[in-house]
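What follows is a single structure, written as structure tokens, with notes after it.
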Amino acid sequence: MNETTPLTQGGPVATVRCATVEDLARVRERLAKVEGGHDNLRDGLNTLSQQFADLRRDLTQSVTENAAQTRREIMERVDDMTDTATERNNEISGRLARIEGGIKLTSWVTMTFIVLATGLLGWGQIGDAAWSFCKRAFGYGP
């Protein structure tokens, strides 16, 4: 930069500087670089913002898909457990029905045997009493 002669008007001495065309060109070049850097930063920030939005969208979608998959797996396990419990319940019910049938059959056989035994013993006592009566009636017994 060029300097001119100092101006004095009753105060401190001031030096006036004039810029040359070369100085202006350098300043313009530096300004263009700064503006270009600013544009690059703005573009970079826009790119980062878009990348963060994409990442957030992808993460949300991934979490949603994982939650749905986990929910399906849990429901499948619950269904399997329900099916297993139902099978066991049916098996136990069948066994209990067979046991109950066996108990009823055993009770029927036991009651039939008791009735027959009681009947036979009753007929035996009747026969013994008739025999004793006949022996006394015909004079063969005491």
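The values are calculated or read from the model by the stated rules, or taken from the named source; none is laboratory data. Quantities reported herein were computed from a predicted structural model and do not represent experimental measurements. Reconstructed Cβ throughout: ideal geometry from the backbone, glycine too, with neighbour counts over all protein chains shown.
When residues of the range 73-92 are filtered for being among the charged types (D, E, K, R) and more than 14 Å from the chain's Cα centre (by Cα), how many remain? Talk me through it step by step, then tell me what you get.
Filtering the range 73-92 for residues among the charged types (D, E, K, R) gives 73, 76-77, 79-80, 83, 87-88, 91.
Within this subset, residues satisfying the condition of being more than 14 Å from the chain's Cα centre (by Cα) are 83, 87-88, 91.
Adding up the residues that qualify gives 4.
Does residue 119 meet the test of being at pLDDT below 90 and surrounded by 10 or more Cβ atoms within 10 Å (Cβ to Cβ)?
yes
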